[in-house]
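The values are calculated or read from the model by the stated rules, or taken from the named source; none is laboratory data. This structure is a prediction, so every number in the text was calculated from the model and none was measured. Virtual Cβ from ideal backbone geometry, glycine too; neighbours counted across all protein chains shown. Calculation scope for accessible area: heavy atoms of the full protein, side chains included, ligands and nucleic acids excluded. Shrake-Rupley method; radii C 1.70, N 1.55, O 1.52, S 1.80 Å.
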Amino acid sequence: MSFESLLPKPVRVTPAPGTFASTGPITPDVSIVDSLPAEGYRLSITPEGVSVEAADEAGAFYALQTLRQLAGPDAFRAAAIHGPQWTLPCGEVEDHPRFGWRGVLLDVARHFMPKYEVFRFLDQLAAHKLNVLHLHLTDDQGWRVEVPEFPRLTEVGAWRTGSWVGRPPDGTTEHDGRPHGGYYTSDDMREIVAYARERHITVVPEVDIPGHSQAAIAAYPELGNTGSDLPVLRSWGINENILTVSDYAIGFYRKVFDHVAAIFDAPVICVGGDEVPTVQWEDNEVAAKRMADEGFAEARQLHGWFVGQMAAHLAGLGRRTLGWDEILEVGDLPQGAIVASWRGEEAGVTAASSGHDVVMCPEQYVYLDHRQSDHPDEPIPVGWIHTLEDVYRYEPIPTALAPEFHSHVLGAQAQVWTEHLDNARRVDYATFPRLAAFAEVVWTAGDRSYEEFEDRLTTYHLPRLDAMGVEYRPLDGPKPWQTRPGVPSRPK
Ligand code: ACM
């Protein structure tokens, strides 16, 4: 994206002393230099104008984001490109990110996010200098990616008849009776990839195998172990209906990954691999034969085998495999695989210490669907309490990891699972401002002060989020419009 496309229209102004004000579209003098670290930039604002030195195009883009920050909240309004001039304080900024993987997972499987909402989310990530959007595209409750060869994946797998309400006590399956669904066409996904690319964000697609696959099995029952018809799931949690290990299933998913790889340009593709109960493989002819052929003693080895099949296929397509940390426990890690350490830090330490790259995303710190307080008006309480401060204090390099392996920590990723976030406003509330804290965690090296962050947040950043129309959680907690069942809605 060019600087010009985001900058104001010509306006004549007289700058105040110590400021630079645009007298036209700011066309900073941008040069690419070798002396800066990847994605870094040096910005100089003088009464005469703005100049940028950048390590690469991403660095120039981040310089632009910093200019917007300096220009004030109005520069974050959607209409900023048509708005008034920017007045910038004179000065110098030199900056670069600490980690190359500054990611966010968005779960569009549990609740579908229309394409334009994904664009809006990408704009939010770009403003926070985040550079990976991990899109969780398939799960038990929905299949969101059109695959022309297998039309039932989206004709059937993208739709469910209701969604589990709240977090009912064990045993209840109360659902809202409201159909839910949607999917991205191939062109939609190409647009998402292009929109992200313009903002220096890589979209890492996830097709979850061999668990979390009931939507696919609902569309093609031969992908399952029991042969019975299953619905797209309405409830949440870990599910025993996993994929069969037949040649058909392997061939089917190779084609799915071929299609995904043709659309998404990320060097990394996620195969999921999390939460795979193997009970259906314990007493099953196809699984027994596969185990005998492979010389496996335990059904859980089939889990590693399935992941290995897909990883080998992705390698043949020139892509690296990303998998949730269960893949460490069920067999040898595929060559070049990256481990997403989500159940804690241990898997990250184990994988990195044996020379594998890792992305740190422990649920104890950076699961942004988790609740923010015990307040009774808090939206449906998920997981543990993760306050803004908890997220800010997260350190992606585990203390248990020896320094010689630190370089295997590619970065960290915040997770926005959407079982209980059924629209973009709910996503805003769960995500912000905690994502602003996370953005500092992955960008800034060295000491950070939470107190200073809080000051910056209140003085500068919340007004920017307001200008962007982000319905973030107020620092002092819920407002009436953050409803949960039974809580009165926004006052008239
Ligand atoms: C996960 O949260 N199941 C990766």
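Side notes on the structure shown:
- Across the accessible surface of the chain, with the other protein chains kept in place and a 1.4 Å probe, carbon and sulfur atoms take up 51 percent.
- Solvent-accessible area per residue for region 98-230 (1.4 angstrom probe, square angstrom): 33
- Only helical runs count toward this figure. For the chain, summing -39,500 (n - 2.57) over DSSP H runs of n ≥ 4 and dividing by all residues gives -8500 deg cm²/dmol at 222 nm.
- Distance from the C-alpha centroid of region 250-285 to that of region 327-357: 18 Å, rounded to the whole angstrom.
- A Förster radius of 51 Å, combined with the Cβ-Cβ distance separating Arg152 from Cys90, puts the computed FRET efficiency at roughly 0.25.
- Taken one residue at a time, the phi angles of region 141-156 give Karplus couplings (6.51, -1.76, 1.60, θ = phi - 60°) of 9, x, 10, 10, 10, 5, 10, x, 5, 10, x, 5, 3, 9, 5, 9 Hz. Gly and Pro are set to x.
- Figure legend: label point modelled 7 angstrom from the Cα of Glu198 along Cα→Cβ; residues of region 102-137 with amide N under 16 Å from it are 115-127.
- Estimated FRET transfer efficiency (Thr226, Thr387; beta-carbon r; R0 51 Å; 0.05): 0.70
- Of the chymotrypsin sites (Phe, Trp or Tyr not before Pro) in region 336-428, those whose Cβ has at most 13 other Cβ within 10 Å and which sit in DSSP loop: Trp384
- Residues in region 85-107 that a label on Thr46 would reach, taking backbone N under 17 Å of a point 7 Å out along Cα→Cβ: 88-94
- Stretchable slack from Val279 to Ala78, in nm (0.36 nm times residue separation minus alpha-carbon distance): 67.3 nm
- Global size of region 16-165 as Cα Rg and Dmax, reported in angstrom: 20.7, 65
- Additional length obtainable on full extension of the chain from Asp422 to Ile380, 0.36 nm per residue less Cα span: 14.0 nm
- Calculation over all alpha carbon pairs of the chain in 20 angstrom steps from 0 returns a P(r) of 22, 54, 21, 2, 0 percent.
- About the centre of its Cα atoms, the chain shows a dipole size close to 1540 debye [charges on the beta carbon of Lys, Arg (+1) and Asp, Glu (-1) only; nearest 20 debye].
- Where the alpha-carbon atoms of region 361-492 are placed on the principal axes, they occupy 58, 31, 22 Å, in descending order.
- About its Cα centre, the dipole of region 65-155 is roughly 160 debye, where the only charges are +1 on Lys and Arg Cβ and -1 on Asp and Glu Cβ.
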